[in-house]
Amino acid sequence: MSFLDRRQMESISGLDPEIERRFRTMLSGQDPSRGAGSEFCPAADVILERNRMVIIIGLAGIHRDDIQLGMTDNELVLRGTRHEPVHLDKEQYINMELNFGPFERRFPMQPDLDPEGIEANYSDGFLIIRIPRNPDKQVTLNVKGRDEE
């Protein structure tokens, strides 16, 4: 698994706007072939700290009862549904960017994470998941430079 830090993400700005949009969509895990109006895929940041991994997921407009969090096969699995907040007699869309419906996101668990210590908090449209790292099993991420490959 490869990681990008915030500085690397910010360094892609300045590209052609269409290339930048496609690159950010690819990194978000969303499928651009489905287009607007397709199923909802919440955006997530995954941050690796010294003593824990933190996952921040944007779930605006989703009621707490519509969120399910569980573990299967060394993956953290988030499922839920975002319902349309207003039912309108839609004659014609002028702009359509909000997606609704069921979703599922999977996050692989590294071997040094302790699934027994997971804490999750949902507030103001963000689900924040904190997973402690076991110092006895910590994995060192080696990032090679181009000349070392």
The residue that is farthest from M53 (Cα to Cα), considering only those in segment 84-105 that are of a type in the set (D, E, K, R) and surrounded by fewer than 13 Cβ atoms within 10 Å (Cβ to Cβ), is E91
Among P42, P111, P135, the single one that is open to solvent by 30 Å² or more (accessible area, probe 1.4 Å) and modelled with pLDDT of 80 or more is P111
Result of the Cβ filter at 7 Å on segment 74-100, keeping first residues that are under 12 Å from A60 (Cα atoms) and partners that are in a loop (DSSP other than H, G, I, E, B) and at pLDDT below 80, at least 6 apart or interchain, is N99/G37; N99/S38; N99/E39
All-but-one check, T81 against (1) of a type in the set (S, T, N, Q); (2) within 23 Å of I47 (Cβ to Cβ); (3) open to solvent by less than 50 Å² (accessible area, probe 1.4 Å), failing number (2)
Within segment 38-52, the residues that are part of a strand (DSSP E or B) and under 13 Å from the mean Cα position of the chain (by Cα) are A44, D45, V46, I47
- Task: Could you tell me whether D31 is modelled with pLDDT under 95, within 14 Å of the chain's Cα centre (by Cα) and not polar (S, T, N, Q)?
- Result: yes
When G58 is run through (1) touching a residue at least 40 places away in the same chain (Cβ under 8 Å); (2) over 30 Å from P135 (Cα atoms); (3) open to solvent by less than 30 Å² (accessible area, probe 1.4 Å), the failure sits at (2)
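The values are calculated or read from the model by the stated rules, or taken from the named source; none is laboratory data. Note that the coordinates shown come from a computational prediction; the quantities given were computed from them, not determined experimentally. Because the Cβ atoms are built from the backbone with ideal geometry, glycine has one as well, and the counts that use them run over all protein chains shown. Ligands, DNA and RNA are excluded from the accessible area calculation, which covers all protein heavy atoms including side chains. Shrake-Rupley method; radii C 1.70, N 1.55, O 1.52, S 1.80 Å.
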